[in-house]
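Notes follow the structure.
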Amino acid sequence: MTLALSAPAGFAPVARRRLWIERITGLGFALPAFVLLLLTILLPLAVLLWLSLTNYEFGGVDMDWVGFANFGKALADPIIRRSLVNTLLYVAIVVPGGVLGALMIAVLVHRRTRSRSLYEVIYFLPVTSTLIAMATVWQFLLHPSLGPVNGVLKWLGFAPVAFLSEPSTALATLAVIGIWQLIGFNMILFLAGLTAIPRDLYEAADIDGCSSGIDRFLTITWPLLGPTTMFVLVTTMITAFKIFDTVAVMTRGGPVGSTEVLLYNIYLEGFQYFHTGYAAALTFIFLAFILVFSAVQTFALDRKVHY
Amino acid sequence: MATVALSSIAKSFGSTKVLGGVDLDIADGEFLTLVGPSGCGKSTLIRIIAGLEHQDGGGVAIGGSRVDHLRPHERRVAMVFQSYALYPHMSVRANIALPLTMSRLSLRQRLPLLRLLSRRRREVMRGIEADVGAVAMQLQLDHLLDRKPAQLSGGQRQRVALGRAMVRQPAVFLMDEPLSNLDAKLRVHMRTELAELHKRLGATFIYVTHDQVEAMTMSDRVAMMDSGSILQLGTPSRLYEKPASLKVAQFIGSPAINLLPATVAAAGRLELFGRPMALAVPLAQGQAVTLGIRSEALALVHGEPGAPGRAWFTARLRRKENLGSEYILHFDLAGRDAQGVTMRTTPAIAAGLSEAAEVTLGFDEAACHIFGTDGGRVEPRGENGATGSVVPLRA
Amino acid sequence: MTDLTLSAAGPVTPVHSVLRRFITLALVHGVLIAGAIFMLAPFIWMLVTSIKPPAEIFSAEISLWPKQFYGVQNYLFALEKAPLLRFALNGLVLCLGILTVQLLVAIPCAYALAKLNFPGRNALFVLVLLGLCIPVQVPAMPLYIALAQLGLLNTYFSMMVPFFLSVFAIFLFRQFFRSFPDDIINAARLDGMSEFEIVWWIVTPSAWPAIAAFSVFSAVAHWNDLYWPLIVISDAKLAPPPLGMMFFADAETGSNYGALTAAATILTAPLVIAFLIARRRFIDGITMTGVK
C-alpha cells in the first residue's frame, strides 16, 4: 500500500520537471523569432497605424493628430484613384493571361515525355532572372525605332507602335512583361497538380468514351485541378497587385500617369516626398486589398473546392 | 456478347520483353481468368485487349472483327480497375452515368453553357437516369447515388466501379485485380457476387488476378501465365489435377503441392529415397525427377509399409495447424535432401499424433505428378510396360 | 483479306489515326515553340546586342548575329563604367546574410511550434499565419524611420534586417517537423541529448529537402528584390544587382544599349547559371514553397 502510493508521489516531481524543461526550451527557441516578429512586423504595424492618423512628414519637427483625414484625402485624391484603377486593370490583364496561359502550357507540356524538361527550363527561365535587368532589355526590344519588335511590325506592313510611351499601350505592355515573368512559375504549380491526378482516371475515362482532348479536360483535368487553380489564381492576384519594379524602371508612372500604380505612389509619397502620414494611410489601403485576396484563398481552400 | 481472339500478341517495354506471342481464344459468355505471379504480363495483356496499351505484334479481335485500330471506347469493352478509378469529384450517379452521357450526347450537348441550348438533352438525360437507376438497383447502390466516392466503403466503391462498367452493356468485361483492395472477408463475398453477376449478364468476362483461389473459384477456364506466355490453359480442375508443368503445379492449390526428389533407376523405374517404386517413366537411367503430391493425397501408414502401388517415407511431425474442419500437418524430412511436406487430414487423425512424433507417410503412386528436370510433366509408362509420353512444354 | 476486314471493321483506319496523331503533335509543339520564343526572345536579344557594335545596334535591320564582334568592348565598357562585380558581390553577401539568420531563427522556432508544449504556442502560430499575409512594403516606412534615426541607412544591415524573420520559413519547417517521428526525439532524449542538440543534429538534417527548397526560394527573392534596397541604399558601392542595374541605366550610359545589355547579362548570369546547373532543385524548391 505504502509502496504503491510512494511510487506516483516520487514520479510526479520528475514529470513536472520534465514539463517545466519543455516549456522553458520551447519559449527559448521561440524567443528570437518572437522578438524579430515584434520588431519587424508588429511594432512597425502599430507605428504605421499611428502615423496614418497624423500629418507627420519625415524630417519635419511638428505633427498634428488629424484622425482619418489622410484616408479621406486618399480616397478623394484623383491620382490615387487613378493609380488604384491602373493597378486593378493591370491585375485584370495579368491574372487571366498568367493563369490560363500557364494552364494551357502545363497541359501541353505534361504529356510530353522527352521534351518536357526542355520546355520546363525555357518557360521557367524568366522566374529566376533579375527582372530589373531584363526590363532594360524589354525596353530596348520595344524601342519605337531600334527595337526588333517594331522592326517585325514594319516588315509586316504595320505602323510602328511606341509601346511604352503611348498612354493607351503602356500599361498593357507592362502587363505582358508581368505575364512573361510569372507564367513559368504558375506552369510549374499546374504541372505539380497535374502529376497528382492518377493515370487510372484518364484510362477509365478513355474506356468510358472521353476520347477527345476537350472531354478529358472537362471531365477529369479541370475539376481535379480545382484547388491548384484556386491557389495559382490568388497568388497571381497578389503578385500582380504588388507591381512596382517594371514601373519604377521603365515608365515611372508615365506617360501621363497611365502606368501609375498603387505601390509606386506609396513609394513616391513615403520615400520621395516624405508625406509620411499620408503614405501610411495609403499603405493600409494597399494592405486591405492584399488581405482580401488572402482571405478569399483561405475561405476557398477551407471549402475544399474539389471533393 | 462476343468472343475474344488474341493471336500472337507481343509487347516489349524498351528492352524488356513483357509478352512473347500470346494466342488465346475466349468463347462468348465465358469467364476466363488470367492468373500468374506479378510481372508475368497478365495486366499488360488485359490492357492491350482494352486498347489502353498498343501491342508490338499480333492482333486482337472482338466478336470476330479486328479492333487493333479502334480507340478503347469503340471496342465495346468495359474495365474495372484495381484502384476502381472512380472520378472523385463526381457523385455515384454521375460516375455511373458518364459512359452513357459520353455516348448518347453530342459534344455540343456536353459542353458547359452551350449545352443549355439543347432541347433534346433533357430527354436523353432522363433516359440515362433510368438506366443508371436500374443498374444501381441491381447492385444495391440506389441509396448511395448522391454520395461522393470518398464517402463510400471499399466494397461500395467496388460496386460503383462495376456499375459504371455494366451500364453500357458491354460485350466484354475486363477486370484487373478488382478484389485486391478489399479485406479478406469482403473478397470472399464479392467472389460469389461476381460469379453470379457473370451468370446473370451472360457477357464475356476476362479477369486478371494473382490469387489462385479467385482463379479456381470463379472461372470457366484459367490461363496460367508466367514470363509473358501462357503455361497452361484449361478448366480449374484440369489445372489442379493435370498441371502441365512444375510451375503450374506449384502455383495452383493451397497448401502448395509437396515436392519430393526422385531418380530414374533401371528400366525407367523411379526410386524415392532409395526405395524402388512401381512407377516407370520413359526417361534414361540416372536422371533426376520431381514428384508432386497434393497434401490430401498423403496418408499415415499404420503397420507394415510397402503395399503394392503405394510409396512411403518417414517423417517427423513439426506442427499441427488447426483450421477447424480439418488439420494441416507439417512434417520435417529429417536428414533428407528435401523440404518438409504438408498433409491435409481430419481432426480425429490429427488428435492421435503428438508433436515430434515419428511417422510413416504413404501415397498412391497413381496420384502423384512427375516432372522432369526441365519442369515439364512426364506421364508414367502403363502397367504392362506400354510407353508413356513426355508432354511437351508450351514455352 | 486482312486489309479488307481491317477497313470494314471501323471508320478510323490506322493511316487516319497516324495522320491525326501527327497533326496533333505538330500543333502542340507549334504552340509550345511559339511560347518558348516569346519566353526566350529577351535573353537572346540581350546576348546578341551585348556583342554588337553601336553602328549595328542603331541600324534598322534586325540581325541575330553581329557582322563585327564587339563583345569585348561592350563588356569592358560596362565593367569600367560601373562596379558590376561589386553589385554581384553585394547580392551574394545580402543573400547569404539573410539566409543564415533566417535559418538560425526559424528552425528552432519551427521545432518548438511543432514538437514542444509551451505557453503562448498557439498565439504565436496565429501571428505567424497572419505574418504570411503581410508583404514587406507594409512595415517599410516605420522600419525606414527607425533605421534613419539609428543612423543605419546605407549599410548591409539595413538591407537585410526586414527579412531576418521569415514567417514563411517558420511555417514551412513546422509542417515538415510535424511529420518527424516523436519516437526518435524521445529516444534521443533518453540517450541524454539536450533539446538544442536534438534540433541541430537530429531534426534539421532530416529536413534537408525543405531547407534546400527554402534556400533557393530565399536567394532568388532577395537577389532580385528592388523595393527595399531602393529605399535604404543610396550609396552605389552597396547596391545589390537590381539597384545597381538601375543606377547604371540612369547614369550617362543612357542609350548605349551594347553596354546596357552587357551589364544586364553580367547581373542576370549568376542566378540563371545556378538555375541551369541545379535545374531540378530550383524548380522543386520554388514549387514546394509555392504549394506549401
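The values are calculated or read from the model by the stated rules, or taken from the named source; none is laboratory data. Nothing here was measured: the structure is a model prediction, and the numbers come from that model. Cβ: placed from backbone, ideal geometry, glycine included. Neighbour counts: every protein chain shown.
Could you check segment C:244-271 and list, in sequence order, the residues that are of a type in the set (A, V, I, L, M, F, W, C), without any contact (Cβ under 8 Å) to a residue 40 or more places away in the chain and farther than 12 Å from residue C:81 by Cα?
If we filter segment C:244-271 for residues that are of a type in the set (A, V, I, L, M, F, W, C), which is where we start, we get C:245-249, C:251, C:259-260, C:262-264, C:266-267, C:269, C:271.
Then drop every residue that is not without any contact (Cβ under 8 Å) to a residue 40 or more places away in the chain, which leaves C:246, C:249, C:269.
Within segment C:244-271, C:246, C:269 qualify.
Inside segment C:103-117, residues that are assigned to a loop (DSSP other than H, G, I, E, B) and surrounded by fewer than 18 Cβ atoms within 10 Å (Cβ to Cβ) make up a count of 1. Determine if segment B:165-177 includes at least one residue that is more than 29 Å from residue A:214 (Cβ to Cβ), away from every other protein chain (no Cβ under 11 Å) and surrounded by 13 or more Cβ atoms within 10 Å (Cβ to Cβ). Looking for residues that are more than 29 Å from residue A:214 (Cβ to Cβ), away from every other protein chain (no Cβ under 11 Å) and surrounded by 13 or more Cβ atoms within 10 Å (Cβ to Cβ), one finds at least one in segment B:165-177, hence yes.
Look at residue A:194 and say whether it is more than 8 Å from every other protein chain (Cβ to nearest Cβ), crowded, with 16+ Cβ neighbours inside 10 Å and either β-branched (Val, Ile, Thr) or touching a residue at least 60 places away in the same chain (Cβ under 8 Å) (or both). Outline the logic, then answer.
On the way: more than 8 Å from every other protein chain (Cβ to nearest Cβ): yes; crowded, with 16+ Cβ neighbours inside 10 Å: yes; either β-branched (Val, Ile, Thr) or touching a residue at least 60 places away in the same chain (Cβ under 8 Å) (or both): yes.
Yes: the conditions hold for residue A:194.
Among the numbered conditions (1) surrounded by fewer than 18 Cβ atoms within 10 Å (Cβ to Cβ); (2) touching a helix residue (DSSP H, G or I) at 6+ places or on another chain (Cβ under 6 Å); (3) of a type outside the set (Asp, Glu), the only one that residue B:34 does not meet is (1). Checking each residue in segment C:93-102 for being surrounded by fewer than 19 Cβ atoms within 10 Å (Cβ to Cβ), touching a helix residue (DSSP H, G or I) at 6+ places or on another chain (Cβ under 8 Å), closer than 18 Å to residue C:214 by Cβ and more than 9 Å from chain A (Cβ to nearest Cβ) picks out only C:97. Any residue at all in segment A:48-55 that is at pLDDT below 85 and of a type outside the set (Lys, Arg)? Yes; the residues of segment A:48-55 include at least one that is at pLDDT below 85 and of a type outside the set (Lys, Arg). The residues of segment A:52-91 that are on the phi > 0 side of the Ramachandran plot and either without any contact (Cβ under 8 Å) to a residue 24 or more places away in the chain or in the same structural domain as residue A:253 (by TED's automatic domain parsing) (or both) amount to a single one, A:67. Within segment A:106-150, the set of residues being part of a loop (DSSP other than H, G, I, E, B), more than 7 Å from every other protein chain (Cβ to nearest Cβ) and more than 14 Å from residue C:45 (Cα to Cα) comprises A:111, A:112, A:113, A:114, A:115, A:144, A:145. Take segment C:56-91 and flag every residue that is of a type in the set (A, V, I, L, M, F, W, C), surrounded by 15 or more Cβ atoms within 10 Å (Cβ to Cβ) and at pLDDT 85 or above. Listed by number, the residues that qualify are C:84, C:87, C:88. Residue by residue through segment C:223-243, note down the ones that are farther than 10 Å from residue C:94 by Cβ, facing chain A (nearest Cβ under 9 Å) and part of a helix (DSSP H, G or I). Passing the criteria: C:227, C:230, C:231, C:242, C:243.
So which of B:112, B:99 is within 13 Å of chain A (Cβ to nearest Cβ), within 23 Å of residue B:194 (Cα to Cα) and either more than 31 Å from the chain's Cα centre (by Cα) or surrounded by 13 or more Cβ atoms within 10 Å (Cβ to Cβ) (or both)?
B:99
Need a quick list: helices (runs of 4 or more DSSP H) entirely within segment B:54-170 having at least 2 residues that are in contact with a helix residue (DSSP H, G or I) (Cβ under 9 Å, 6 or more places away or on another chain) and among the hydroxyl-bearing types (Ser, Thr, Tyr). Spell out the reasoning first.
Values: elements: B:92-104, B:107-110, B:120-138, B:154-166.
Counting at least 2 such residues, we get B:92-104.
Of the residues contained in segment A:129-146, none is found to be in contact (Cβ under 8 Å) with a residue 12 or more places away in the chain, closer than 16 Å to residue A:98 by Cα, of a type outside the set (A, V, I, L, M) and out of contact with any Gly (no Cβ under 8 Å at 6 or more places or on another chain).
Residue-by-condition table, conditions (1) within 14 Å of chain C (Cβ to nearest Cβ); (2) at pLDDT below 90; (3) surrounded by 14 or more Cβ atoms within 10 Å (Cβ to Cβ):
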residue: A:11; (1), (2), (3): no, yes, no
residue: A:35; (1), (2), (3): yes, no, no
residue: A:42; (1), (2), (3): yes, no, yes
residue: A:46; (1), (2), (3): yes, no, no
residue: A:60; (1), (2), (3): yes, yes, no
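Considering (1) in contact with a Phe, Trp or Tyr (Cβ under 6 Å, 6 or more places away or on another chain); (2) more than 8 Å from every other protein chain (Cβ to nearest Cβ), the lone condition that residue A:162 does not fulfil carries the number (1).
Out of all the residues in segment B:282-298, which are assigned to a strand (DSSP E or B) and surrounded by 16 or more Cβ atoms within 10 Å (Cβ to Cβ)?
The first filter runs over segment B:282-298 and keeps only residues assigned to a strand (DSSP E or B), leaving B:288-293, B:298.
The answer is B:289, B:290, B:291, B:292, B:293, B:298.
Does segment C:172-181 contain at least one residue that is within 9 Å of another protein chain (Cβ to nearest Cβ) and outside any loop (DSSP other than H, G, I, E, B)? Scanning segment C:172-181, I find no residue that is within 9 Å of another protein chain (Cβ to nearest Cβ) and outside any loop (DSSP other than H, G, I, E, B), so the answer is no.
Out of A:97, A:72, one residue alone is under 16 Å from the mean Cα position of the chain (by Cα), in a helix (DSSP H, G or I) and more than 8 Å from chain C (Cβ to nearest Cβ). It is A:97.
Just wondering, is there one or more residues in segment A:226-241 that are farther than 30 Å from residue C:275 by Cα and over 18 Å from the mean Cα position of the chain (by Cα)? No, that holds for no residue. Of the residues in segment C:151-161, at least one is among the β-branched types (Val, Ile, Thr) and either at pLDDT 90 or above or within 30 Å of residue A:279 (Cβ to Cβ) (or both).
In the set B:139, B:145, only one residue is more than 14 Å from chain A (Cβ to nearest Cβ), touching a residue at least 24 places away in the same chain (Cβ under 8 Å) and in contact with a Gly (Cβ under 6 Å, 6 or more places away or on another chain); that residue is B:139.
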